[in-house]
Amino acid sequence: MVQTLFGPQEQKKGLFDRLKGALASTKTQLVERIEGITEGKETVDPATLDDLEATLIAADLGVKTARSILANLRARTDRRQFIAAKQLRGEVEQQILEALESDITKRPPVKRPPEGLPEVIFVVGVNGVGKTTSIAKLANLYLAQGRHPLLCAADTFRAAAVEQLEIWAARIGIQMVKQKPGADPSAVVFDSLAAAKKFKDDPVIVDTAGRLHTKHNLMSELEKMCRVASREVAGAPHQVLLVIDATTGQNGLVQARQFTERAGATGIILTKLDGTAKGGVVVAIAQELRLPIQFVGIGENVDDLVPFDPRQFVQSLFES
């Protein structure tokens, strides 16, 4: 499990700049609009707060989060604790950070495999969100940390998915286990874990069929894969990462709720953060689902998947 967002100081600065670039559209949608609604004003009045609420919702922070922020600000103005207009940006920044960090200490401990056995990571999500590419990027990230990931091509419903994953595996120089199209995905999981235990691969990253959360037969198949994995490695899957396309905004929350209930999603990979002005969905996910965002995609290259850190995210968004 990744513990920090960045490594050496020079790498930290480079990734921070890339994250700022990825959030440029969201910054325009959110931060620059906050500055616009306070322009020419001395203090924050009720009309300003109404405009702020609309701005937060437009940036896809979600109605619940927006109302929570506004309730705090209105309570202060009602107590005649006047907020200078020039301070509003900083006030919103602090409350977004608190929203993202509020549940970190309440999360259950991360599951670990028994000593000498591989960590098993299931990656789930609907078609078109960038799931297979994210798996390759995730494997590359672990490879850079000195681990030896193994890819499990358990999406046997779509031949193109296996081919795409095989190309990625060859490109980054790691092994992949597959079977013929239409094979039982649980059998591929079994074979992958047997290979990982034999050759000391870790982690095993399982690509699952891109399934709609309403397809109950496919969700049942996913549950079966989880049972097979747990028989082979205690506690598996140790992570179930749900891939969500940031450009879908609030629609992604519907998917996340279903996958959390049926597949036991433990964290989020948020893709295409660089292609949307609605990066505020990061806050909505954290507040409404209480699921940690583990990784964010900030570009198309294989190294453009980075572990998510709330403070770095907020700094990247609000820093001038």
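General observations
- Some residue of region 221-235 being among the charged types (D, E, K, R), farther than 14 Å from ALA154 by Cβ and either free of Cβ contacts under 8 Å to residues at least 40 places away in the same chain or surrounded by fewer than 23 Cβ atoms within 10 Å (Cβ to Cβ) (or both): yes
- Considering residues of region 48-66 that are of a type in the set (Val, Ile, Thr) and within 14 Å of ARG89 (Cα to Cα) only, the residue nearest to the chain's Cα centre (by Cα): THR55
- Single residue of region 151-184 satisfying the filter (more than 13 Å from VAL123 (Cβ to Cβ) and in contact (Cβ under 8 Å) with a residue 40 or more places away in the chain) that is surrounded by the most Cβ atoms within 10 Å (Cβ to Cβ): THR156
- Residue within region 69-85 that is within 20 Å of LEU253 (Cα to Cα) and either surrounded by fewer than 14 Cβ atoms within 10 Å (Cβ to Cβ) or under 32 Å from the mean Cα position of the chain (by Cα) (or both) present: yes
- Where VAL44 falls short, out of the listed (1) more than 23 Å from the chain's Cα centre (by Cα); (2) without any contact (Cβ under 8 Å) to a residue 40 or more places away in the chain: (2)
- Annotation: of all residues in region 310-320 being surrounded by 18 or more Cβ atoms within 10 Å (Cβ to Cβ) and of a type outside the set (Phe, Trp, Tyr), the one that is farthest from ARG18 (Cα to Cα) is PRO310.
- Output for region 131-152, where each listed residue is assigned to a loop (DSSP other than H, G, I, E, B) and within 13 Å of ASP201 (Cα to Cα): GLY146, ARG147, PRO149
- Region 120-141, residues that are out of contact with any Gly (no Cβ under 6 Å at 6 or more places or on another chain), surrounded by fewer than 20 Cβ atoms within 10 Å (Cβ to Cβ) and not hydrophobic (A, V, I, L, M, F, W, C): GLY128, THR133
- Some residue of region 47-60 being within 30 Å of ARG262 (Cβ to Cβ) and assigned to a loop (DSSP other than H, G, I, E, B): yes
- Filtering ASP155, ASP191 for residues that are in a loop (DSSP other than H, G, I, E, B) and among the charged types (D, E, K, R) leaves a single hit, ASP155.
- Residue among GLY182, GLY128 that alone is in a loop (DSSP other than H, G, I, E, B), small (Gly, Ala, Ser), modelled with pLDDT under 95 and more than 17 Å from MET225 (Cβ to Cβ): GLY128
- The single residue among THR260, THR266, THR208, THR271 that is touching a strand residue (DSSP E or B) at 6+ places or on another chain (Cβ under 8 Å), over 17 Å from GLY130 (Cα atoms), crowded, with 21+ Cβ neighbours inside 10 Å and of a type in the set (S, T, N, Q) turns out to be THR266.
- Conditions (1) more than 23 Å from GLY299 (Cβ to Cβ); (2) outside any loop (DSSP other than H, G, I, E, B); (3) at pLDDT below 90; number of the one not met by LEU100: (1)
- Flag if ASP191 is touching a His at 6+ places or on another chain (Cβ under 6 Å), modelled with pLDDT of 95 or more and not small (Gly, Ala, Ser): no
The values are calculated or read from the model by the stated rules, or taken from the named source; none is laboratory data. Since this is a predicted model, take the numbers as computed values, not measurements. With ideal geometry, Cβ positions are generated from the backbone for all residues, glycine too; neighbour counts draw on all protein chains shown.
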